[in-house]
Amino acid sequence: MQSVKVQVQSLDVVPEALRGLYDPVASGGYRLRLDDPEQITNALRQERESRKSAERLARETKESADILRSEAAAEQRRIEADRDRAVALLTAMKQRALDTQLTAAAKASGLHDAAIPDFVRAAKEKFSLSDNGELVGVNGHAGTLVDFAESARDLAPHWFPATGSGSGVGPSSTSSGYEKTMTRQQFDSLSPQQRRAVLLGGTKLRD
């Protein structure tokens with residue numbers, strides 16, 4: 001049981017349940033009435049029960065707050081996961097749409113089918129799709145896709161059939177279709193990046 005001071009200078013130091021048992025004294029301060037010990041005992045019991053009730057309420061409040069914070073964090077994680085999935089889906093859809101446009105441009109320019117993947121990869125360094133689905137230049141590229149496709153005839157002649165005269169600017173063509181070969185002179189005229197694309201594409205060099 002909590003100890004009780006018989007005399008205090010201020011009631012602020014006395015538990016609220018016991019303050020009614022103190023009387024002011026002429027010399028200053030307050031003095032506990034000792035004529036009814038049972039009343040003191042009951043007051044102390046009431047103060048102890050009130051304190052336990054307050055502690056229990058504080059503990060339950062903290063537990064409820066912890067649960068709410070945990071649920072809020074879980075909900076935030078679900079929201080972020082849904083957002084990431086939506087972004088990934090949108091990105092994949094944009095890439096498919098971009099591949100479709102670039103592939104169509106390659107076919108319209110007369111590239112060999114085997115060269116279309118190389119064209120698409122190269123074009124992706126120059127073009128992208130905006131959020132509105134419009135084809136826009138990237139990395140400082142200001143030309144159109146048509147311009148890029150036309151410039152490929154000079155930059156990557158091996159993507160196109162040889163000319164009818166046989167002198168050709170691209171890989172040789174046979175009656176069976178596209179033969180991925182090009183002359184050493186043509187290969188040497190390419191940039192390092194284009195040379196790498198030629199070799200990765202399986203084109204064979206001929207003298």
Residue check, Ala108 against (1) among the small types (Gly, Ala, Ser); (2) closer than 27 Å to Asp188 by Cα; (3) in contact with a helix residue (DSSP H, G or I) (Cβ under 9 Å, 6 or more places away or on another chain), all met but one. Which one?
-> (2)
With the checklist (1) part of a loop (DSSP other than H, G, I, E, B); (2) surrounded by 13 or more Cβ atoms within 10 Å (Cβ to Cβ); (3) free of Cβ contacts under 8 Å to residues at least 40 places away in the same chain in hand, flag the one item Asn139 doesn't pass.
-> (2)
Under 7 Å by Cβ, and 6 or more places apart or on different chains, what pairs join a residue from the range 17-42 that is on the phi < 0 side of the Ramachandran plot and without any contact (Cβ under 8 Å) to a residue 24 or more places away in the chain with one that is among the charged types (D, E, K, R) and loosely packed, with under 11 Cβ neighbours inside 10 Å?
-> Tyr30/Asp23; Arg33/Asp23
For residues in the range 22-59 being outside any helix (DSSP H, G or I) and aliphatic (A, V, I, L, M), which is surrounded by the fewest Cβ atoms within 10 Å (Cβ to Cβ)?
-> Ala26
Residues being in contact with a strand residue (DSSP E or B) (Cβ under 9 Å, 6 or more places away or on another chain) and surrounded by fewer than 16 Cβ atoms within 10 Å (Cβ to Cβ): count how many of those fall in the range 81-115.
-> 4
How many residues does the range 153-207 contain that are more than 13 Å from Ala115 (Cα to Cα), of a type in the set (Val, Ile, Thr) and modelled with pLDDT of 50 or more?
-> 2
Six or more apart or on different chains, Cβ under 8 Å: which pairs go from a residue in the range 105-118 that's closer than 12 Å to Pro157 by Cβ to one that's of a type in the set (A, V, I, L, M)? Could you list them?
-> Leu111/Ala152; Ala115/Ala106; Ala115/Ala156
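When you look at Ile67, is it in the same structural domain as Asp147 (by TED's automatic domain parsing), free of Cβ contacts under 8 Å to residues at least 24 places away in the same chain and either in a loop (DSSP other than H, G, I, E, B) or hydrophobic (A, V, I, L, M, F, W, C) (or both), yes or no? Even if it seems obvious, please write down each step before you answer.
Numbers: in the same structural domain as Asp147 (by TED's automatic domain parsing): no; free of Cβ contacts under 8 Å to residues at least 24 places away in the same chain: yes; either in a loop (DSSP other than H, G, I, E, B) or hydrophobic (A, V, I, L, M, F, W, C) (or both): yes.
No.
The values are calculated or read from the model by the stated rules, or taken from the named source; none is laboratory data. None of these values were measured; they are calculated from a predicted model. FYI the Cβ positions are ideal-geometry reconstructions off the backbone, even for glycines, and counts take in every protein chain you see.
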